[in-house]
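Participant: Got a structure for you, questions after.
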Amino acid sequence: MPDLLIELFSEEIPARMQKRAAEDLQKLVTDGLVEAGLTYAGAAAFSTPRRLTLALDGLTSESKAVREERKGPKVGAPDKAIDGFLRGAGVARDDLEVRDDKKGQVYFAVIEKPGRMAADIVAEVLEKTIRNFPWPKSMRWGEGALKWVRPLHSILCILTDEAGAEVVPLDVDGIVSGNTTRGHRFMTPVAFSVVSFDDYEAKLKRAHVVLRADERAEAIWAEATNQAFALGLEVVEDRGLLAEVAGLVEWPVVLLGRIDDDFLGLPPEVLQTSMKEHQKFFSVKNPKTGRIERFVTVANMETADNGATILAGNQKVLSARLADAKFFWENDLRVAKADAGNGMKPWFDKLRDVTFHNKLGTQAEFINRMAVLAREIAPSIGADPDAAEQAALVAKVDLASEMVYEFPELQGVMGRYYLKAARYSDSVADASRDHYAPLGPSDDVPTAPVSVAVSLAEKIDKLTGFWAIDEKPTGSKDPFALRRAALGVIRLVHSNDFQLSLIGYFEKAFERHLAVPDYDGLPEPDLSDMLDRSIEAKAKLEQAKVDAENMVATAKAASKRFEDMQSIKSADARKTAAVGLISFFHDRLKVFLKDKGIRHDIIDACIAMPGNDDLTLLVKRAEALAATLATDDGENLIQGFKRANNILTQAEEADGVEYSYGAELKYAEEPAEKALFAALDAADAKIAPAMQAEDFSTAMTAMAALRGPIDAFFTDVQVNAESALLRRNRLNLLSRIRNICLSVADLTKIEG
Amino acid sequence: MPEKPRSFQEIILRLQTYWASKGCAILQPYDMEVGAGTFHPATTLRALGTKPWAAAYVQPSRRPTDGRYGENPNRLQHYYQYQVIIKPSPPDLQELYLGSLEAIGIDASLHDIRFVEDDWESPTLGAWGLGWEVWCDGMEVSQFTYFQQVGGHDCKPVSGELTYGLERLAIYILGVDHVMDMPFNDPQTPIPLTYGDIFKQTEQEYARWNFDVADTAVLLQHFEDAEAECQRILDMPAEDPKKDMKIIMAHPAYDQCIKASHVFNLLDARGVISVTERQAYIGRVRALAKACADAFVQTDAGGAAA
């Protein structure tokens, strides 16, 4: 049982592609080998910046011979049919056998595949793998036609058994397989041969290459945290960066450097982002001050000066980068402070020129709509309407700042700093930072009322907008992240326990999408000195012309936009669209509640009830119902309810009447029947006020308490009595069961 | 290991000597305003077709929007690129490149040199390639690209292109903090000149002109003219009636394409091109570049069968 070792050695593979490439190599090769009739005991794939490696152990040394018989067309069938059969079976006409079949003579093909040596199969599979490798982007080089992620230099491919290692012969466009590889590009750039995977890994390590990416990552993290710890500092964890950096080095050398004092006043998020994005540095924090004071860089070299030159160079580059960041920060602060709470006008004006979506207008229009909506929502969630509106108007102005232009991922974070500098209240400033949240399903949800109002407004305007222009998510396509936005709304109202009827807000939001943007704030054409022939006057006139053209263009664009909004033109259409959007939310809600262990039929039972656009109420109802159904009483009550409902429905259909009134106690004969009357009266007395108070668990507990009396009723009492009077009275009694249960949730939707 | 260079020009001279020793034809800068060394016809056009090619040159490059009145430590509206282009790309191009770093005083055993993914694309040239930015101790010192397409044509064979940002590289090697303080010639000579002695004033002059003074109406007209002339040149029949032979004027047409591209950069710096117009202008320049590439591959130098 030989072991197989493959290494594809190339120029530097992009870090982000390495892990996937190692997995693809493993899959393509093992699938190919198995398909060709080989088996193996174990497989492992590895990657470094310059190599993809696959090790298989316990490979069978040859594939078994295979004999297959295939039945073909009848003798005398048209040539076309016979030729087709020959093509499929891969045999010549002369090779066909004629055999007797029930219906006459039939051709048979006997396909014999002799067993093949593992080396032959490996060579074939590996060549095919290399030629068809699924790189996200690949290239040609030199005069060749072969494609690889970067030029491929060598192929190591050996089979090792007790007798020793043998090269699997292979020639891919002139790259001939062998048993050699190379060490670290600078530290040990020599070629050496290997005889097995263990030998390979050990020799690579001696040649300053750590083969395993996770081993490199662990070494980096251990060394970085150690060095930081020795100074009483801690490394800010960043798994994504760690994986990337581990893919940029074959021999990680961790160096801890100092950030120039000039830059320690920058917000920590700026330091962290700039260092990570541009330099791939880790941030090192002083736990006492909370400030980021140092950085960790990972070199690919051990040097005679212990990295002093490398560190000095990196420090210098960082200073230049941070000087840029500081320049942006100071420029932005100047704008923010000068504004001093005046709507952040210089930035807001810039957003008039930034397109949000070509059918939904500019960022500024989006913001204006958000602000109206935030004000509308505010009272129902205990936020001050003025603050909510103001916060919405400035929450996104940082998009026009220099810092966010350079580092888009700092949107909101910078907004908060700049709004504070412009002396906005903390709650307004915080809303800028928080209103994007929650993005992921595990993100924290904002709780401050103003932040929640802005966050809801942002998401609802976006959802209604894309609904209006019919850009709904389909299948796996959701380019505007609308599912995420809907889930965000659900989490915002649910975790804050806010009760909102969404339909009304949706309808008003739809109306706003039809409104022509207002021109407040667009510069007034200044025509005061038209007769003045000075250069300034000429420039002003030019500007006025441009402004006027812009206005016309905006108005034209807006009116054109509305043509695409047929689905929300009339009030009725808006109502329908809003209901459609609510059911999109319900779908999201099912996913959300499924993760909380609530079945979809329970949610359906609750969605069928009135007020289903109040998501918090809906969740409460579903939670209470789920809890009730989890009890023995609850589960059995469903059976009782269904039985009552079935009997009643059948009787109503048969008799053509509705048994909905007037079950009278005086006609009750059996004790169980009387007991049910009493139980229903008692339940009624509890359930109606509890439902009024939206106290679902009390209502449902009361409902579940009916289980005993209902069960007893069905055991002791025959509904279809001889006496028509008794029968009618009992059917009317069943109707009471149905009504009481349906007042809590639509139990007909419950499965089982 | 050679001694460290002492001036900006010594770095350039060493690169010239090194690449000459590796068989490159040492060309002179192209005599037109370009945004990068790639625009030199020795790269753009010679990357096309089947004929082998190896050239290296310094290319003064202009990026009007990057002007900072000479105040920024390494941002300039006029700077130098060193460009190497070899077709087909040799298998040891990475080693050759590392040899050039050694030649200008970067000792690979003391520094951390890394090839970090960077895919190159020039929307105005209709060109793209894969490669890296090369980092030395965390600083980008070169672009390394295997051209895959130029002017909409697949590159067969593939050219390897190396571009060194000379000022930034030299600042690092010479250990100065501001480009204007960098010695241009040997500081020991009787008349030592810094980069600032030569370029500080011009950076101010051009920054003012680029940002505030250039006449946009005239520039717009230049753009239209260059575009029209490029098209007119290419529309001429291949046969020259006077010489009675085939003369396809790919290079004169490409000059007009370069001109249009630079005028576009100037208009951009003047802030008169909106976001939506921007794409349209880039598309117009790309159309010219493609037409020039189409013409070049029909010429002898472009590998067309005679």
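The values are calculated or read from the model by the stated rules, or taken from the named source; none is laboratory data. Predicted, not measured: the structure shown is a model, and the values here were computed from it. We place every Cβ from the backbone using ideal geometry, glycine too, and count neighbours over all the protein chains shown. The accessibility values were calculated without ligands, DNA or RNA, using every heavy atom of the protein model including side chains. Shrake-Rupley method; radii C 1.70, N 1.55, O 1.52, S 1.80 Å.
Participant: Can you give me the Cα centroid spacing of segment A:309-336 and segment B:26-62 in angstrom?
Facilitator: Segment A:309-336 and segment B:26-62 have Cα centres spaced 34 Å from each other.
Participant: Using the Cα centre of segment B:172-306 as the reference point, and only Cβ charges (+1 on K/R, -1 on D/E), how large is the resulting charge dipole? Debye, rounded to the nearest 20.
Facilitator: The dipole magnitude comes to about 340 debye.
Participant: Kindly provide the helix-only [θ] at 222 nm of chain B, computed as the sum of -39,500 (n - 2.57) over DSSP H runs of four or more divided by all residues, to the nearest 500 deg cm²/dmol?
Facilitator: Computed mean residue ellipticity for chain B: -12000 deg cm²/dmol.
Participant: Something else: With runs of 4+ DSSP H residues as the only contributors, calculate the mean residue ellipticity of chain A at 222 nm using -39,500 (n - 2.57) per run, divided by the residue total and rounded to the nearest 500. Each step should come with its number before you reach the end.
Facilitator: Working: 26 runs with 385 residues, N = 752.
The helix contribution divided over chain A gives -16500 deg cm²/dmol.
Participant: Protein chains only, probe 1.4 Å: how do B:E71, A:E35 rank by accessible area, largest first?
Facilitator: Largest accessible area first, the list is A:E35, B:E71.
Participant: Ok, one more. Using a 1.4 angstrom probe on the protein heavy atoms only, could you order A:K620, A:K569 from most to least accessible area?
Facilitator: On the way: A:K620 70, A:K569 95 Å².
In descending accessible area the options line up as A:K569, A:K620.
Participant: If you don't mind, another one. Once the Cα atoms of segment B:121-188 are picked out, what are the Rg and Dmax in Å?
Facilitator: Here Rg and the maximum Cα pair distance are 16.1, 50 Å.
Participant: If you don't mind, there's one more thing I want to ask. With a cut-off of 8 Å between alpha carbons and a minimum separation of six or more residues, what is the relative contact order of segment A:163-234 in percent? Spell out each step's value before the answer.
Facilitator: Working: 57 pairs, mean separation 13.6, N = 72.
Relative CO of segment A:163-234 lands at 19 percent.
Participant: Using Stokes-Einstein with the Kirkwood hydrodynamic radius over Cα pairs, what translational diffusion coefficient do you get for segment A:357-408 at 37 °C and a viscosity of 0.692 mPa s, in µm²/s rounded to a whole number?
Facilitator: Using the Kirkwood radius from Cα pairs, D works out to 275 µm²/s.
Participant: Two-decimal Rg/Rh of segment B:34-108 from alpha-carbon positions, Kirkwood Rh?
Facilitator: 1.06
Participant: Using only protein heavy atoms and a 1.4 Å probe, report how much of A:E69 is accessible, in Å² to the nearest 10.
Facilitator: Its accessible surface works out to 90 Å², give or take rounding.
Participant: Right, another one. Any chance you could look up the accessible area of A:K560 with a 1.4 Å probe, heavy atoms only, rounded to 10 Å²?
Facilitator: The value for A:K560 is about 120 Å².
Participant: Of the residues B:Q221, B:Q231, B:Q59, which exhibits the maximal mean-square fluctuation in a Gaussian network model of chain B defined by a 10 Å Cα contact cut-off?
Facilitator: Of the options given, B:Q221 has the highest mean-square fluctuation.
Participant: Please report the spacing between the Cα centers of segment A:407-438 and segment B:120-168 in Å, no decimals.
Facilitator: Comparing the Cα centres of segment A:407-438 and segment B:120-168, I get a distance of 39 Å.
Participant: While we're here: Could you grab the Rg to Rh ratio for segment A:418-474? Cα atoms only, Kirkwood for Rh.
Facilitator: 1.09
Participant: Just to make sure I understand: if all protein chains stay in place, what is the order of A:F506, A:F46, A:F327 by accessible area at 1.4 Å, largest first?
Facilitator: Largest accessible area first, the list is A:F327, A:F46, A:F506.
Participant: A further question follows. Please work out, to two decimal places, the log10 of the ratio I(q)/I(0) at q = 0.16, 0.19, 0.32, 0.33 Å⁻¹ from a Debye calculation in which every Cα of segment A:159-204 carries one identical scatterer.
Facilitator: For segment A:159-204 at q = 0.16, 0.19, 0.32, 0.33 Å⁻¹, log10 I(q)/I(0) is -0.52, -0.69, -1.11, -1.13.
Participant: For the protein assembly as shown, what is the largest minus smallest coordinate of the Cα atoms on each principal axis, given in angstrom and ordered from greatest to least?
Facilitator: Largest to smallest, the principal-axis extents are 125, 104, 76 Å.
Participant: Per the Kirkwood treatment, what hydrodynamic radius in Å, one decimal, follows for segment B:135-242 from the mean inverse distance over all distinct Cα pairs?
Facilitator: 19.0
Participant: Kindly provide log₁₀ I(q)/I(0) values, in the same order as q = 0.07, 0.12, 0.15 Å⁻¹, from the Debye equation applied to equal alpha-carbon scatterers of chain B.
Facilitator: -0.29, -0.85, -1.26
Participant: Under the classification rounded if a/c is under 1.5, otherwise prolate if a/b is larger than b/c and oblate if not, where does segment A:107-204 fall, given a ≥ b ≥ c as square roots of the Cα gyration tensor eigenvalues?
Facilitator: Oblate, because a/c is 1.5 or more while a/b does not exceed b/c.
Participant: So how far, in whole Å, is the C-alpha centre of segment A:65-141 from the one of segment A:1-36?
Facilitator: 28
Participant: Also, I was wondering about something else. Please report the orientation-averaged projected area of segment B:215-305, defined via the convex hull of its C-alpha atoms, in nm². All intermediate terms of the calculation are to be shown ahead of the outcome.
Facilitator: On the way: hull surface 25.8 nm².
Result: a mean projected hull area of 6.4 nm².
Participant: Nothing charged except the Cβ atoms of Lys and Arg (+1) and of Asp and Glu (-1): what's the magnitude of the dipole of the protein assembly as shown about its Cα centre? Round to the nearest 20 debye.
Facilitator: Details: 120 positive and 159 negative charges, 219 e Å.
My answer is approximately 1060 debye.
Participant: Now, a different point. List the residues whose amide H sits under 5 Å from the amide H of B:K246, counting only those 5 or more places along or on another chain, with H placed 1.01 Å from N in the peptide plane.
Facilitator: For B:K246, whose amide H was placed from the backbone, the distant partners under 5 Å are B:D240.
Participant: Oh, and also: Only sites in a loop by DSSP and with at most 15 other Cβ atoms within 10 Å count here; which trypsin sites (Lys or Arg not before Pro) in segment A:1-90 make the cut? Intermediate values should be presented prior to the final figure.
Facilitator: Working: sites: A:R16, A:K19, A:R20, A:K27, A:R50, A:R51, A:K64, A:R67, A:R70, A:K71, A:K74, A:K80, A:R87; in loops: A:R50, A:K64.
Taking segment A:1-90 and a limit of 15 other Cβ atoms within 10 Å, the loop trypsin sites (Lys or Arg not before Pro) found are A:K64.
Participant: Under the Karplus relation 6.51 cos²θ - 1.76 cosθ + 1.60, θ = phi - 60°, what is the ordered set of whole-Hz ³J(HN,Hα) values for segment A:387-394, x standing for Gly and Pro?
Facilitator: Residue by residue, segment A:387-394 yields 5, 5, 5, 4, 4, 5, 5, 10 Hz.
Participant: Quick one: grab the alpha carbon gyration tensor of segment B:1-144, order the square roots of its eigenvalues as a ≥ b ≥ c, and give me rounded if a/c is under 1.5, else prolate or oblate depending on whether a/b is larger than b/c.
Facilitator: It comes out rounded by the Cα gyration axes.
Participant: Kindly report, to the nearest 10 Å², the accessible surface of A:R738 as traced by a 1.4 Å probe over protein heavy atoms only.
Facilitator: The value for A:R738 is about 40 Å².
Participant: Remind me, relative contact order of chain A in percent, using alpha carbon pairs under 8 angstrom and six or more residues apart?
Facilitator: 7
Participant: Helix check for chain B. Which DSSP H runs span at least 18 Å along their own axis by Cα, with a mean Kyte-Doolittle hydropathy no less than -1.0?
Facilitator: Those that pass (Cα extent of 18 Å or more, hydropathy at least -1.0) are B:8-21, B:216-235, B:250-269, B:275-296.
Participant: Here is a further query. Are any of the pairs B:K51/B:K259; A:K477/B:K259; A:K359/A:K396; A:K19/A:K459; A:K569/A:K596; A:K620/A:K666 more than 31 Å apart by Cα-Cα distance, and if so, which?
Facilitator: A:K477/B:K259; A:K19/A:K459; A:K569/A:K596; A:K620/A:K666
Participant: Tell me the trypsin sites (Lys or Arg not before Pro) within segment A:103-198 that lie in a loop according to DSSP and have at most 12 other beta-carbon atoms within 10 Å.
Facilitator: Of the trypsin sites (Lys or Arg not before Pro), the ones in loops of segment A:103-198 whose Cβ has at most 12 other Cβ atoms within 10 Å are A:K103.
Participant: Taking Cα pairs under 8 Å and at least six residues apart, what relative contact order does segment A:260-340 come out at, in percent?
Facilitator: Details: 55 pairs, mean separation 23.0, N = 81.
That works out to 28 percent.
Participant: How big is the Kirkwood radius of segment A:17-101, worked out from every pair of different alpha carbons and given in Å to one decimal?
Facilitator: 16.6
Participant: A follow-up question, please. Rounded, prolate or oblate for segment A:377-441? Axes are the square roots of the Cα gyration tensor eigenvalues, ordered a ≥ b ≥ c, and the cut-off for rounded is a/c under 1.5. Before the final figure, lay out the partial values.
Facilitator: Numbers: a/c = 2.53, a/b = 1.46, b/c = 1.73.
Oblate, because a/c is 1.5 or more while a/b does not exceed b/c.
Participant: Averaging over all projection directions, find the projected area of the Cα convex hull of segment A:562-672 and quote it in nm² with one decimal place.
Facilitator: Averaging across all directions leaves 11.8 nm² for the Cα convex hull.
Participant: Assuming a viscosity of 1.002 mPa s and a temperature of 20 °C, what translational diffusion coefficient in µm² per second does Stokes-Einstein assign to segment A:632-726, Rh being the Kirkwood radius over Cα pairs?
Facilitator: The Stokes-Einstein estimate is 149 µm²/s.
Participant: Could you list, in their original order, any pairs among A:K575/A:K642; A:K203/B:K22; A:K472/A:K749; A:K575/A:K686; A:K345/A:K508 whose Cα atoms are separated by more than 32 Å?
Facilitator: A:K575/A:K642; A:K203/B:K22; A:K575/A:K686
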